[in-house]
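Worksheet for the structure shown next.
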Amino acid sequence: MKKIIKPVKRIFGEIAVPGDKSISHRAIMLGAIARGRTAVKNILDCDDCNYTMAAFRDMGVSIEKRDEMTFIGGRGLKGLVKPNRPLSAGNSGTTVRILSGILAGQDFETTLTGDESLSKRPMKRIIEPLSSMGAAIKARDGDHIPLTIRGGALRPMDCKLAVPSAQVKSAILFAGLYPDGVTTVEEKFKTRDHTERMMKYFGADVKTEGLKVSIAGGRELTGKTLEIPGDISSASFFIVAAVLLKASKIRIKDVNVNPTRAGILDILSRMGANVKVLNKKEGYEPVADIEVESGDTRGITIEERETPGIIDELPIIFVLASLSKGKTLIKGVKELRVKETDRIVSMKENLEKMGAGAGFKVEGDDVMIEGVEKLKGSDLKSFGDHRTCMSMAVAALAADGASSIDDAECVNKSFPGFFNLLERSHVE
Ligand code: S3P
C-alpha cells in the first residue's frame with residue numbers, strides 16, 4: 001500500500017495509543033507458562049503479538065479474546081506441548097529471541113522460523129548464553145533462523161552481556177526460571193526492565209542490583225490480572241508531530257513511562273520541547289498522561305549509555321534533529337543496523353530525499369545531524385520497517401508539499417491504527 005501524506009497545520013486533542021508491544025509479548029509469554037488463568041486488558045492487537053499468541057496456541061495454550069480482555073490458560077513452566085509444525089515468529093525479533101529462552105526449558109525439540117527480514121537478524125547473541133545453560137541449539141550459519149532448539153535440563157549461570165539488549169537479557173531470565181539455583185545477567189548499560197517487573201508480579205524471585213539482575217529458578221509462577229499501558233514508542237510519533245507542527249497541543253492518555261523505556265521524554269526536554277508528564281500512577285509499570293505543545297528545539301549530544309532507553313525512538317529523534325536548530329550528536333547507535341532494517345541507512349536515505357541529507361553524517365557508530373529550516377515532500381520508502389514508515393509519515397506532515405510512502409502496511413507490526421489516528425487528530 002502506497003500512502004500519500006499531505007502536510008497539515010497542526011495536531012490537536014486528547015488521544016490514546018494502543019497497548020505496549022514489549023509488555024504485551026511478555027504478558028502472553030508469562031501467562032502461558034504460569035499456573036492458572038491470566039486476564040490481560042488492552043493487549044496490543046498487532047502482527048508481532050499475534051505471532052507470539054499463535055506460537056503458544058500451537059503449544060497447547062488456550063488464548064481467548066473477548067472485547068478488550070485476553071484470557072490465557074497457563075500450563076505451568078513445563079506444561080507446553082511439542083508443536084506439530086515449526087513455530088513462525090513472522091517479523092518479530094522479540095518473539096523469536098524471548099521465546100527461545102522458554103523453549104530452552106522444555107523437554108522437546110522445536111524449530112523457530114520467520115520472514116525474510118528476521119532471517120537476516122543476529123541470533124548468536126541468544127544462542128551462546130542459552131547453549132551455556134545447556135540447551136542444544138542449531139542455527140543457519142550459527143547465527144540465523146531457522147533455529148532448532150532442544151531444551152531440557154538447564155543449569156543456572158552468571159553472564160555478562162556483550163550487547164545492550166533487553167531481548168537477550170529476557171531470553172536468559174526466562175531460561176533462568178527453569179533450573180534450581182540462581183542465574184545472573186549483568187548489563188553494560190541498563191535496558192528496558194519489563195521482564196523483571198512482570199516476572200516479579202507473577203511471583204518469580206527476581207532481584208535487581210544496579211546493572212545486575214538475578215533470578216532464582218525452579219519455582220512456578222501464578223496467573224495474574226493486569227492491564228497493558230499505552231506504548232511510549234507509538235506515542236512518540238504523535239509527541240514529535242505535536243512539537244514540530246506549530247500551534248499543536250496534544251494529550252496522550254495512560255502511557256507507560258518506565259524510566260528504562262521513556263528516555264525520549266528527557267531527550268525532548270533537553271532539546272527544548274514543551275513536554276509534561278501528568279497524573280502519574282505507579283503499578284507493576286508506571287503510567288501517566290503526556291501533554292505536548294509545539295515549540296522550537298535545538299540540537300544536543302546523546303551519549304551511548306542513553307541509547308537503550310530510546311532505541312526504538314531513534315528514527316523519530318532523527319526526524320526531530322533534522323528540524324532542530326544546530327547539531328545533534330547521537331553516539332554509539334550500531335544496534336540500529338540490526339533492527340527490522342538498517343535504520344541508519346533507511347532514515348538517512350529518506351531524509352536525504354527530503355533535503356536534510358547534507359546535514360546527516362555517519363561516523364563509525366555515531367550519527368550527527370545538522371538541522372534544516374524545512375523538509376520538502378518526496379517519494380519515501382518504508383524499507384518494510386514500521387518505525388521508519390511512521391517516522392517518515394511525521395516528517396511528511398511537517399514538510400512543504402505532499403509525500404508518498406511505499407509499503408505503508410508495515411505499520412501493522414506494532415500500530416495497526418496509526419494512519420487513522422493521525423488523520424483523526426490533525427487539523428488541515
Ligand atoms: C525489545 C527490545 C529492543 C527493542 C525491541 C523490543 C523488547 O530490542 O528494539 O523493539 O521487547 O525487549 P533489543 O533487545 O534487540 O535492543
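Readers should treat all values here as calculations from the given coordinates under stated rules, not as data from a laboratory. All of these numbers come straight from a predicted model, not from anything done at the bench. Positions of Cβ are backbone-derived with ideal geometry, glycine not excepted, and every protein chain shown enters the neighbour counts.
Backbone phi angles across the range 78-87, fed through the Karplus curve with coefficients 6.51, -1.76 and 1.60 (θ = phi - 60°), yield HN-Hα couplings of 10, x, 5, 10, 4, x, 9, 8, x, 8 Hz in residue order; Gly and Pro are listed as x. Around the amide H of residue 255, modelled in the peptide plane, lie the amide H atoms of 230, 288, 289, 290, all under 5 Å away and 5 or more residues distant in sequence or on another chain. Once backbone amide H atoms are built at 1.01 Å from N, residue 301 has 329 as its partners under 5 Å, excluding neighbours fewer than 5 places away on the same chain. My understanding is that a pair violates if its Cα-Cα distance is over 28 Å; which of 78/281; 120/325; 246/348; 21/65 do that in this structure? In this structure, 78/281; 120/325 exceed 28 Å between Cα atoms.
Each principal axis of the Cα atoms in the chain has its own extent, and those three values, largest first, are 60, 43, 41 angstrom. Look at the dipole of the chain built from charges on Cβ: of 170, 8, 244, the Cα furthest out on the positive end belongs to 170. Relative contact order for the range 149-285: 20 percent, from Cα pairs under 8 Å spaced at least 6 residues apart, divided by residue count. Per residue of the chain, the DSSP helices (runs of n ≥ 4 H) give a summed -39500 (n - 2.57) that works out to -8500 deg cm²/dmol at 222 nm. About its Cα centre, the range 21-217 has a charge dipole of approximately 160 debye under the convention of +1 per Lys or Arg Cβ and -1 per Asp or Glu Cβ, with nothing else charged.
Taking every alpha-carbon pair under 8 Å whose residues sit at least 6 apart, the chain reaches a relative contact order of 19 percent. Picking from 54, 87, 106, whose Cα lies most toward the positive end of the charge dipole for the range 21-217 (charges on Cβ: Lys, Arg +1; Asp, Glu -1)? The listed residue farthest towards the positive side: 106.
Per residue, the average separation of C-alpha pairs within less than 8 Å and at least 6 apart gives the range 21-217 a relative contact order of 17 percent. Annotation: amide H of residue 375 within the under-5 Å range of 400, sequence separation 5 or more or interchain, hydrogens built in the peptide plane.
Would you give the gap between the C-alpha center of the range 133-167 and the C-alpha center of the range 87-128, rounded to a whole Å? Taking the Cα centre of each part, the range 133-167 and the range 87-128 sit 9 Å apart. A convex hull fitted around the alpha carbon atoms of the range 238-327 yields 84 Å³ per residue.
Just to be sure I understand: of the beta bridges DSSP finds with both ends in the chain, what percent are antiparallel, rounded to 5? DSSP beta bridges in the chain are roughly 75 percent antiparallel. Of all aspartates and glutamates in the structure, the ones whose alpha carbon falls short of 15 Å from that of residue 138, not counting any fewer than 8 places away in one chain, are 109, 128. Using only side-chain charges placed at the Cβ, +1 for Lys and Arg and -1 for Asp and Glu, the dipole size of the range 99-174 relative to its Cα centre rounds to 180 debye. Its Cα centre serving as origin, the chain has a Cβ charge dipole (Lys and Arg +1, Asp and Glu -1) of approximately 360 debye.
Note on the range 21-217: antiparallel DSSP beta bridges, both residues inside, total approximately 85 percent of the bridges counted.
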